[in-house]
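J.: This structure is in structure tokens; I'll ask about it shortly.
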Amino acid sequence: MVRLLTAILFTCCLTAQLSAQALQDPASQDQAGKKDEGAARQTAAPPPAKTQWPLDAFPEFSAVMVGGVIPGDDRESYIYRSGKLLRNSGPEGHNFVITDLTTQETYGVAATGCMHDRHAYFRSIPFSFMRPGTTVERVASGQETVDGHSCKIEDVTLSSPKFQKPTKLRFWEAEDLQGFPVKVEVLLSAGHNSVIRYQNVVLGPQDPTLFIYPNSCERSLGFNMKEPKAAPGAKKRAAAPASTPQN
């Protein structure tokens, strides 16, 4: 249990550092044709960029997550979302972690107890990147096939007073999954980009018992982990949850 709490606490703090660190600067271009400002105002403006956070469109899903925000991390783990709550497998595989995407708080749950941290779990990225006051800019960037899915590519830039520099990401949005990103690239500074893939994606309501965590993290726990429910009409079976927490 001590190892679990230490690992979660460390990685939650790491998430806070990653969120605040200097990421790649967005490219900037000067506008031309300023000689006749009156004529420029009459010229039709280009279509405005999308401003909705792409992941807001998927409040309920399950998937297998491959990779993570830390460069070189290629582990597989299960991930589930139900509204504001995101569940990941714990760092030792026998436990689980719940992140509240609204408050950025994290609860690490094991058979012997739990811990609470005020930072989002690092494997909740990119979902936990979106916070109040953050602005979103989305720009179409082509099309590509990823893991058999025909995807539209979008470059997404997040700006916030809490970020030292804008955060830049690239999404590969699967057309056969209503635009769910089966691949996300976090564009880190110095070119050390991180790649996250999502496989066996099932869209639709999840089993609410998967997102139960205690109001107080001072008592022993022994939750009965259940198989998540697949989305209605889903062709793929939802990813199996982590096994019953072990000591």
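J.: Could you list D147, D56 so that the one with the fewest beta carbons within 10 Å of its beta carbon is first and the one with the most is last?
T.: If I rank by nearby Cβ atoms, fewest first, I get D56, D147.
J.: Ranked by Cβ crowding within 10 angstrom, fewest neighbours first, how are W53, W172 ordered?
T.: So the residues, fewest neighbours to most, are W53, W172.
J.: Moving on to the next point. If we sort 202-214, 76-88 on the protection proxy, mean other Cβ atoms within 10 Å, highest first, what's the order? Could the numbers behind the result be given before it?
T.: Numbers: 202-214: 17.7, 76-88: 19.7.
Packing proxy ranking, top to bottom: 76-88, 202-214.
J.: Per the Kirkwood treatment, what hydrodynamic radius in Å, one decimal, follows for region 65-172 from the mean inverse distance over all distinct Cα pairs? List each step's numbers first, then the result.
T.: Details: mean 1/r = 0.0644 Å⁻¹.
Hydrodynamic radius (Kirkwood, Cα pairs) of region 65-172 is 15.5 Å.
J.: Okay, next question. Using 7 Å Cα-to-Cβ label points, what is the E60/K162 separation (nm, one decimal)?
T.: If labels sit at E60 and K162, their model points lie 2.8 nm apart.
J.: Right, here's the next one. Give me the number: length gained by fully extending A111 to S189, i.e. 0.36 nm times residue separation minus the C-alpha to C-alpha distance, one decimal in nm.
T.: Answer, rounded to one decimal: 24.2 nm.
J.: Now for a separate question. Using amide H atoms built in the peptide plane, which far-off residues or other-chain residues are under 5 Å from F180 H to H?
T.: Residues meeting the amide H criterion: A174.
J.: Could you check the spin-label model distance between N200 and T102? Points 7 Å from the Cα along Cα→Cβ, value in nm.
T.: That separation, rounded to one decimal, is 3.0 nm.
J.: Then there is this: Return the sequence-ordered ³J(HN,Hα) values of region 152-168 in whole Hz as given by the Karplus equation 6.51 cos²θ - 1.76 cosθ + 1.60 applied to θ = phi - 60°, using x for Gly and Pro.
T.: Working through the residues one at a time gives 8, 9, 10, 9, 10, 10, 10, 10, 7, x, 7, 8, 5, 9, x, 8, 10 Hz.
J.: Follow-up question, since we're still on this one. When the chain is fully extended, how far beyond the present Cα-Cα distance does C217 get from Q178, taking 0.36 nm per residue of separation? All intermediate terms of the calculation are to be shown ahead of the outcome.
T.: Numbers: separation 39, 0.36 × 39 = 14.04 nm, distance 3.75 nm.
Result for the pair: 10.3 nm of gain on full extension.
No value in this document is a laboratory result; all are computed from the given coordinates. Since the structure is predicted, the reported quantities are computational estimates derived from the model, not experimental observations. Heads up, the Cβs are rebuilt from the backbone with ideal geometry, glycines too, and the neighbour counts pull from every protein chain shown.
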